[in-house]
Amino acid sequence: MSLERIDFLVGVWRGEGHGDYPTIDSFNYSEEVTFGTIPTKDFVTYTQRTKDADGLPLHTESGYIRSPAGGIAELVIAQPTGVAEILTGVIEGTALDLTSTMVGLTPSAKTIRSTARLIEVDGDVLRYRMSMSAMNQPEQFHLEAELHRV
Ligand code: HEM
């Protein structure tokens, strides 16, 4: 396990995003993400919250990221919508390219089959793109955002 391989994420990030999916209207949102550390621990903590254009809360989620071996990252995320994502993938420089190995759903959750997340850090700018197969649609774009370190 190595914190150094993923510590480029650590910080508080704020910015704007855009979302879409064939089953819904497209939307814009503002977002705050915090990647943190805990003394002596070798993982990164993750919390995220978003607001719509009127400032009302939208999606929120939280989880953990760790790197068990060189070039490898693992991410677990819990969402209040009854969804738990487990993603694994590669670290390339200061980018994480992750795909779900499992999406857990509570009985009342919407149908989500798979997800993928690309997170790229370029100095004080963090960009991500999230796609999913949900609502019986093939995997495709749901979200993208650009955040700045605060
Ligand atoms: C920045 C984070 C996110 C924002 C701002 C966001 C926003 C939205 C909005 C506004 C909708 C349409 C209205 C609604 O159904 O609530 C929606 C639908 C949906 N989102 Fe997201 N979402 C986010 C992350 C996610 C993630 C991580 C997943 C899956 C793991 C997800 C899965 C879905 C699904 C399945 C729908 C329902 C589509 C339907 O009912 O046809 N979203 N999202």
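Observations
- Every residue from the range 60-80 that is within 15 Å of the chain's Cα centre (by Cα) and touching a residue at least 24 places away in the same chain (Cβ under 8 Å): ILE65, ARG66, ALA73, LEU75, ILE77
- Of all residues in the range 78-100, at least one satisfies being within 9 Å of the ligand (Cβ to nearest atom), touching an Asp or Glu at 6+ places or on another chain (Cβ under 8 Å), within 17 Å of THR60 (Cβ to Cβ) and in a strand (DSSP E or B).
- Whether a residue is within 12 Å of the ligand (Cβ to nearest atom), closer than 28 Å to ASP25 by Cβ, acidic (Asp, Glu) and in a strand (DSSP E or B) was assessed, and GLU120 does not pass this test.
Values in this text are rule-based calculations from the coordinates and carry no lab data. Please read all numbers here as calculations on a predicted model, not as lab measurements. Cβ: placed from backbone, ideal geometry, glycine included. Neighbour counts: every protein chain shown.
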